[in-house]
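Asks: Pasting a structure here, questions to come.
Every number here is computed from the coordinates shown, using simple stated rules; none is lab data. Keep in mind that what you see is a predicted model, and the values were worked out from it rather than measured. Neighbour counts are summed over all protein chains in view; Cβ atoms, including those assigned to glycine, are modelled from backbone coordinates with ideal geometry.
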Amino acid sequence: MAIIAPSLLSANFLQLENACNMINASEADWLHLDVMDGRFVPNISFGIPVISAVRKATKKVCDVHLMIEEPEKFTQAFKDAGADILTVHVETCRHLHRNLQQIKSLGMKAGIAINPHTPIESIKEVIADADLVCVMSVNPGFGGQQFINATLSKIEKLKNIIIQSNAKTLIEVDGGVTLENASSIVKAGANVLVAGNTVFNSKDPAEAIRLLKNLS
């Protein structure tokens, strides 16, 4: 079964505590937290104070996805806020290996996020240094976008690189994950499914999480 990581970006921001309580009681494994700076992506979401508050409200793994420029300047702050996993974009890191080592040195799992237009081969040399690769299946910055179908072949390529490298890196897929395509995404090689609207726009979010878990 895949790891299910509901994305808090799609929750009602006036009721974040309720969202955390629902996730705590559900079959979700992780809680996905998208941080946007309005520079790397054309949107601003939430930052360190919100993550600190969420950390106090959940025992789930806090999977923090940094869609920001110069992430190395904020690594310690996100550790202090309670991140268990910290993922940085290959497109924002001049020295990606150094970024990954910095994250790990603080006791967090280190992830690499990669945009739809970026070739998987660009991270081949550091794949064994990453605990997770977050394959963006939409263009980052906004929730509710449609899954880019070419992502499936990208996941398959990444899976082969991981196997060839004898690495234990998890593949996370973020964007447009639905009850209709979850099985095909996992079949392609994904280990972690990030789901926003599929969960929080559902009449029964906990049931949507259960269905995703069972479909995968």
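Asks: Given the Cα-Cα distance of Ser165 and Glu125 and 0.36 nm per residue of separation, how much length would full extension add, in nm?
Replies: Here the answer is 13.5 nm.
Asks: Work out how much length Leu16 to Glu156 would gain on full extension: take 0.36 nm times their residue separation and subtract the Cα-Cα distance, in nm to one decimal.
Replies: Working it through step by step, the gained length comes to 46.9 nm.
Asks: Have a look at Asn99, Ala113, Val194 and report the one farthest towards the positive end of the charge dipole of the chain, computed about the Cα centre with Cβ charges (Lys/Arg +1, Asp/Glu -1).
Replies: Farthest towards the positive pole: Asn99.
Asks: For Asn43 paired with Glu72, estimate the spin-label separation in nm (one decimal), with each label point 7 Å from Cα along the Cα-to-Cβ line.
Replies: According to this spin-label approximation, the distance is 2.8 nm.
Asks: At a Förster radius of 35 Å, what calculated FRET efficiency corresponds to the Cβ-Cβ distance of Ser183 and Asp80, to the nearest 0.05?
Replies: 0.35
Asks: Using a cut-off of 14 Å between beta-carbons, work out the net charge of the residues near Thr169 (Lys and Arg +1, Asp and Glu -1, Thr169 not included).
Replies: That sum, taken over residues with Cβ under 14 Å, equals +2.
Asks: Then there is this: Under a point spin-label approximation (7 Å from Cα along Cα-to-Cβ), what is the Val50-Lys203 distance to one decimal in nm?
Replies: 2.9 nm
Asks: Moving on. For segment 29-102, compute Rg over Rh where Rg is the Cα radius of gyration and Rh is the Kirkwood radius from the inverse mean 1/r over Cα pairs. Let's see the in-between values first.
Replies: Details: Rg = 11.9 Å, Rh = 12.5 Å.
Answer for segment 29-102: 0.95.
Asks: Calculate the spin-label point distance for Asn214 paired with Asn139, positioning each point 7 Å from the Cα along the beta-carbon direction, and give it in nanometres.
Replies: If labels sit at Asn139 and Asn214, their model points lie 3.7 nm apart.
Asks: To the nearest 500 deg cm²/dmol, what mean residue ellipticity at 222 nm is calculated for the chain from DSSP H runs of n ≥ 4 alone, each contributing -39,500 (n - 2.57), summed and divided by the residues?
Replies: -9500 deg cm²/dmol
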